[in-house]
Amino acid sequence: MLPLDPRDKFRSELPPIPSERRPVGYRPGLQLEERLQGLGAILLGAIGLLLAYLMFTGVLPLGLPPPPPPPGVLVPVPTLNPAGCVLPLLGIGSVGVIIVGFKRVIDP
């Protein structure tokens, strides 16, 4: 036997295992259904970013309006709006959906 003989690396009493060259879940073709799902995810993420932008700029209302100030108070009292916590999460989630959609389009 030669020193670099591949038969020397394995035990001779065991049967050889046939190697699988294809990845798990591989299907030949363009896989248009998965790519269209990716495009749908990108579109959904873009709509989410548009909604977050419109809420941030004030075009769309974000939560309930603040209550009117008490009589005699000239300076409006700032009130916290709990719906404001949703806005950054909506933006971050939309960017994540867009990234997942790009991955699905490129490599289904």
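How would you rank 99-105, 54-60, highest first, on the average number of other Cβ atoms within 10 Å across their residues? Could the numbers behind the result be given before it?
Details: 99-105: 15.9, 54-60: 12.0.
Per-residue mean Cβ counts within 10 Å order the peptides as 99-105, 54-60.
Give me, ordered by chain and number, the residues 5 or more places off ASN81 or on other chains with an amide H under 5 Å from its own placed amide H.
Those lying under 5 Å, H to H, from ASN81: there are none.
Roughly what angle does helix 32-57 make with the longest principal axis of the chain, taking Cα atoms, 0 to 90 degrees, to the nearest 10?
Result, in degrees: 20.
Here are some values of Kirkwood radius over Cα pairs in Å: (1) 15.7; (2) 14.8; (3) 19.7. Which one was computed from this structure?
Here the calculated entry is (3).
Evaluate the Debye formula for the stretch 55-102 with equal point scatterers sitting on the alpha carbons, no solvent, and hand back log10 of I(q)/I(0) at q = 0.14, 0.15, 0.17, 0.23 Å⁻¹, in q order, two decimals.
-0.52, -0.57, -0.66, -0.91
Roughly how tilted is helix 86-106, in degrees to the nearest 10 and between 0 and 90, from the longest Cα axis of the chain?
Once rounded, one gets 30 degrees.
Projecting each Cα onto the charge dipole of the chain (Lys/Arg +1, Asp/Glu -1 at the beta carbon, about the Cα centre), which of LEU43, THR79, GLN31 comes out farthest on the positive side?
With unit charges placed on the Cβ atoms, the residue in question is GLN31.
Using the Cα centre of the chain as the reference point, and only Cβ charges (+1 on K/R, -1 on D/E), how large is the resulting charge dipole? Debye, rounded to the nearest 20.
Details: 9 positive and 7 negative charges, 30 e Å.
Around 140 debye, computed over the chain.
Per-residue ellipticity at 222 nm for the chain, helices alone: DSSP H runs ≥ 4 residues times -39500 (n - 2.57), over residue total, nearest 500 deg cm²/dmol? Each step should come with its number before you reach the end.
Details: 2 runs with 47 residues, N = 108.
After summing the helix terms and dividing by the residues of the chain, the value is -15500 deg cm²/dmol.
Just so you know, all these numbers are worked out from the coordinates, no wet-lab data involved. What you see is a predicted model, and the numbers here were worked out from it, not measured in a lab. Please note: Cβ atoms are built from the backbone with ideal geometry, for glycine as well, and neighbour counts cover all protein chains shown.
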